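The values are calculated or read from the model by the stated rules, or taken from the named source; none is laboratory data. Nothing here was measured: the structure is a model prediction, and the numbers come from that model. A quick note on method: Cβ atoms are made from the backbone with ideal geometry, for glycine too, and the neighbour counts reach across all protein chains shown.
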């Protein structure tokens, strides 16, 4: 099925080539080309509705069929835009931590470790180390609901890293945190992706984030559209917002 | 002698009834009853598994509305026992008046059960103007229901007779005795069945067989105990043990009811079915639910005949209305309608000789159905065994085969 | 969220004392009859029912119960079919969600739910029997051309000894019901996001559903699943039509005992009703153990990084077909019934009736009016009273800020979990005692027992999801709670309210045993008539009643959907 991967844009890292995304004929992303080196954090900025989230969805493969999208996505020298989500090896962190509520912290992490890594003990050791690194030693058996927001954000990052991604997408992961926590978590995340040498793409509308990332900065769309991303039910959104 | 005794008991019952009627505040005259009945709702609880019968009841409802202003409601039952248990429950709860059932289609063991437990109003048949036309002498089953004297506690409304319906296109010469039926089944396994044993036709199938297989059929008119039953019914079970695996679905499954069995005959799943309606085949052809090739036969040694009755629960709310309906059922108009071969087709309970000539003409004018036997072909009707036989057949069948 | 509203509603606790009465009143209204009925049944089960001559308490009823022929086989059949039906329905629904959620087929199936939910069990069962029997429509369509059958084959399809047809008939209604509950529950779970996370973690879609979404979904639909299990174990009307007859399932056996003319059998029958209750409780317990086992296994797999789950078009196609089957069979059955009701004669193997007539409809139309009127009035009353109570309870939560404990849900489910026969028989004795049997009060009241929980279940989630800021705005604008409720809150909720009303209507129209026991033959509905006439087995008449039975709730559903779709009243 896979033709021999064309070897154009750089071997290692994440590269986008001519990415276009349109919704109902309106172009949201018009021919985006960008290369992110390993350990580098690139930032995409833009107002609400400019297509930031659609871009990330396209990259990780979960873009709704209503959108028309094209363009190459290269991860470590492999074009992945036609692969199913689970085989792209692109990790993502959302605004919400999205820890699975029915599993313990430890199980959340174990679930992320690829099946190919065998051995109960080896896997548990990986989890133990990850938690220690996140400053949450011994919290394997905790229910995620009992953690604070900052703790949950760190577990979420660890979960993403444990799945051994080749690139990481950050979808405004700090926007829900209050100011002092925000800076700390941001630092924590950036430190880790840099340490692991992961090419990282951050989407945000907070200039502070972009400054801290220090990588290339891209401005998306003039923001002519009105700011509501989803004109749908306020009730549903309200529920999501609930703690 | 017996007749004299019977009339004596009847007379005694009549006097008792008159006192009872007064005690219960029934009007002394029929006119008075008619007057009170006008506008009353009469809830007639009747088994509803047979469409021509339901249609007939609906017709009766229209007629009593027109003639007497009675609102008849057919409470459709899948088992008559449901209504019996309701009356018992009401009695148990102390509701001795204003009960929910005014009239009930009943006979045999249900009648015996209700009568024994004092659940019936009556005697009342002597109050019905048309009861005098009933052929009690020629058709003794109109006053002796499954060997139990009715004593005026129930009023007949149609005659029934066991017949067998078969498809002449597939079966030119049907077996006309119980042993012949087994021989035929051996050669044609899976081509006959009977409704499940708790359905009255299911037990009737075995009861009819017992008549022919028992040493002394005269014994059947008396109540029977457990031990005697087992001894005397042994030939029946020998016959049935052999027949059962040769029944439709290897005797592991039975149609719910007579009409369900009729559908099997219509679709060619079986070749023979038992029926309590001598007009079953003709009515089925007329309604398009049996193929035009079906015909009727009876057993050479005779088949059981009985009568359908209506009774009034002791706590019925509208006894006057119920009486009016019971009487209407005995009118020549109603009886001729009931006998029409394209309707129910049940023979009348009346003595035609007692009818006025114009009423007799109603009956003479009735066509005879293509698949209905003449009275000569039908032959002698055997009296119903005592209800205890039926009950024991059902219990023994369940003991043997319900596992 | 609540705090934002508080300044306008006054101090906590001083909300509305009137509304605060609703939960207690509702619980009393439908728990009291259940408990009273159960108590009455229990007394009779140990021989105490003076009205029937039972004055010496003892174990005799139980001895007589255990002497009933075929009891063991009957219990076995009930357990087998009950578990199988519940498990198959659940598996089909979970499989469908896992493989097709978000697809067009899934949306189509969810849209087909409403009519299927409205279709009464008995009508669905009658249609199914008429469709798949050896002499049924399917067999007629294929014969003799494809099958070579000149006569219907001698195979027990309907009433088969194993009870598979009963299982099929049960899943016909249970799959749509569970799917309906699942669709509602999925709205409470962040499916898209969690699915995306799982997949970026390297798990396939199916594995993500199995390990992450299904466990969360199952928690939400656990009670409905128990209700389905309890229903499968205790259903009477569907079993009469589809289950084996010798011996029948335990529920039918009990029903026969209760309606036997020998009133002495009331005692062993009551004992049986208690046994039925114990059976149901035990079955739910066993099911719970199964849940724990499955949960443990799931966790072990999660720790290993998840199971390898087959996926692909074949798997999703399979589940789509399984879930589509009820739609197909129900529609096919209805069509076959409609053809039957218009036939004059229709013998095997004719694919279509050989002669047509309207005579059956003409003959039965006048007779349909009365039960149809009772059905309509009772369902209208039960749904209206139920809606009033449910909205009262939910508004109480909103205004008085009390959130119900999870335990309340269990109480709500009581009438759905306790086998009907276990308390209806006892309730009937009480009704007769009070002179209430055969009255509208008894009929509507007994229906309300089942209408209320379903109404509550369908309305609670949308009600709680209501954006309270609308209320805040409304209160600040018009300053009256009543006006805010009537002019803003209720109109905003009208779609959910109308839908819940239609659900309540359908539940009432569907009741068989409660109508039989409370109606006392005086008040009878289309469902009772249809089941009774189904025993008569004249497909034309049965067809008419089954179609009429299905028509009423369907019409109400359609009306509710149409009204709800309009932007204004």
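Brief remarks on what is shown
- Only listed residue being within 13 Å of chain C (Cβ to nearest Cβ) and free of Cβ contacts under 8 Å to residues at least 40 places away in the same chain, chosen from B:284, B:268, B:288: B:288
- Filtered by the rule that a residue be within 11 Å of chain B (Cβ to nearest Cβ) and either surrounded by fewer than 18 Cβ atoms within 10 Å (Cβ to Cβ) or outside any loop (DSSP other than H, G, I, E, B) (or both), the range C:136-148 gives C:139, C:140.
- Residue in the range A:82-90 that is under 28 Å from residue C:206 (Cα atoms) and over 17 Å from the mean Cα position of the chain (by Cα) present: yes
- Residue satisfying all of: in the range A:144-170; away from chain C (no Cβ under 13 Å) and assigned to a loop (DSSP other than H, G, I, E, B); surrounded by the fewest Cβ atoms within 10 Å (Cβ to Cβ) among these: A:148
- Residue ID - surrounded by the most Cβ atoms within 10 Å (Cβ to Cβ), chosen from residues in the range A:102-111 that are at the interface with chain C (Cβ under 7 Å from one of its Cβ atoms) and touching a helix residue (DSSP H, G or I) at 6+ places or on another chain (Cβ under 6 Å): A:111
- Residue within the range B:68-75 that is farther than 25 Å from residue C:439 by Cβ, away from chain C (no Cβ under 14 Å) and in contact (Cβ under 8 Å) with a residue 40 or more places away in the chain present: yes
- All positions within the range B:40-67 that are assigned to a loop (DSSP other than H, G, I, E, B), within 8 Å of another protein chain (Cβ to nearest Cβ) and more than 21 Å from residue B:195 (Cβ to Cβ): none
- Filtered residue count, the range C:23-67, keeping only those that are within 30 Å of residue C:412 (Cβ to Cβ) and in a helix (DSSP H, G or I): 23
- In the set (1) within 14 Å of chain B (Cβ to nearest Cβ); (2) touching a residue at least 12 places away in the same chain (Cβ under 8 Å); (3) not in a helix (DSSP H, G or I), residue C:307 fails one condition alone, (1).
- Complete set of residues in the range A:112-126 that are in contact (Cβ under 8 Å) with a residue 24 or more places away in the chain, facing chain C (nearest Cβ under 9 Å) and outside any loop (DSSP other than H, G, I, E, B): A:112
- Count of the range C:149-166 residues which are part of a loop (DSSP other than H, G, I, E, B), more than 10 Å from every other protein chain (Cβ to nearest Cβ), in contact (Cβ under 8 Å) with a residue 40 or more places away in the chain and crowded, with 18+ Cβ neighbours inside 10 Å: 1
- Counted residues, the range C:336-357 - those being assigned to a helix (DSSP H, G or I) and closer than 24 Å to residue C:151 by Cβ: 4
- Odd one out for residue C:188 among (1) free of Cβ contacts under 8 Å to residues at least 12 places away in the same chain; (2) under 18 Å from residue A:96 (Cα atoms): (1)
- Of residues in the range C:62-81 being crowded, with 20+ Cβ neighbours inside 10 Å and within 12 Å of chain B (Cβ to nearest Cβ), the one farthest from residue C:171 (Cα to Cα): C:68
- The lone exception for residue B:346 - which of (1) at pLDDT 95 or above; (2) buried (at least 20 other Cβ atoms within 10 Å of the Cβ); (3) outside the structural domain of residue B:179 (by TED's automatic domain parsing) it fails: (1)
- Some residue of the range B:324-346 being more than 17 Å from the chain's Cα centre (by Cα), under 30 Å from residue B:166 (Cβ atoms) and free of Cβ contacts under 8 Å to residues at least 60 places away in the same chain: yes
Okay, residues lined up against (1) surrounded by 20 or more Cβ atoms within 10 Å (Cβ to Cβ); (2) within 14 Å of chain B (Cβ to nearest Cβ); (3) within 15 Å of residue C:540 (Cα to Cα); (4) touching a helix residue (DSSP H, G or I) at 6+ places or on another chain (Cβ under 6 Å):
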site	(1), (2), (3), (4)
C:341	yes, yes, yes, yes
C:350	no, yes, no, no
C:357	no, yes, yes, no
C:360	yes, yes, yes, yes
C:363	no, yes, yes, no
C:368	no, yes, yes, yes
C:387	yes, no, no, yes
C:390	yes, no, no, yes
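- Pair list, Cβ < 6 Å and 6+ apart or interchain, from the range A:211-224 residues that are assigned by TED's automatic domain parsing to the domain that holds residue A:194 to residues that are at pLDDT 85 or above and assigned to a loop (DSSP other than H, G, I, E, B): A:215/A:40
- Qualifying residue in the range A:135-142 (condition: over 26 Å from residue C:300 (Cβ atoms) and either in the same structural domain as residue A:11 (by TED's automatic domain parsing) or surrounded by fewer than 15 Cβ atoms within 10 Å (Cβ to Cβ) (or both)): yes
- Residue C:392 falls short on exactly one of the conditions (1) farther than 24 Å from residue C:226 by Cα; (2) assigned to a helix (DSSP H, G or I); (3) modelled with pLDDT under 80, and that condition is (3).
- Members of the range B:77-118 that are at the interface with another protein chain (Cβ under 10 Å from one of its Cβ atoms) and in a loop (DSSP other than H, G, I, E, B): B:78, B:79, B:93, B:94, B:95, B:98, B:100, B:101, B:117
- Condition met for residue C:454 (closer than 27 Å to residue C:82 by Cβ, modelled with pLDDT of 85 or more, surrounded by fewer than 24 Cβ atoms within 10 Å (Cβ to Cβ) and in contact with a helix residue (DSSP H, G or I) (Cβ under 6 Å, 6 or more places away or on another chain)): no
- Residue match in the range B:283-291 (condition: within 19 Å of the chain's Cα centre (by Cα) and either buried (at least 21 other Cβ atoms within 10 Å of the Cβ) or under 30 Å from residue B:84 (Cα atoms) (or both)): yes
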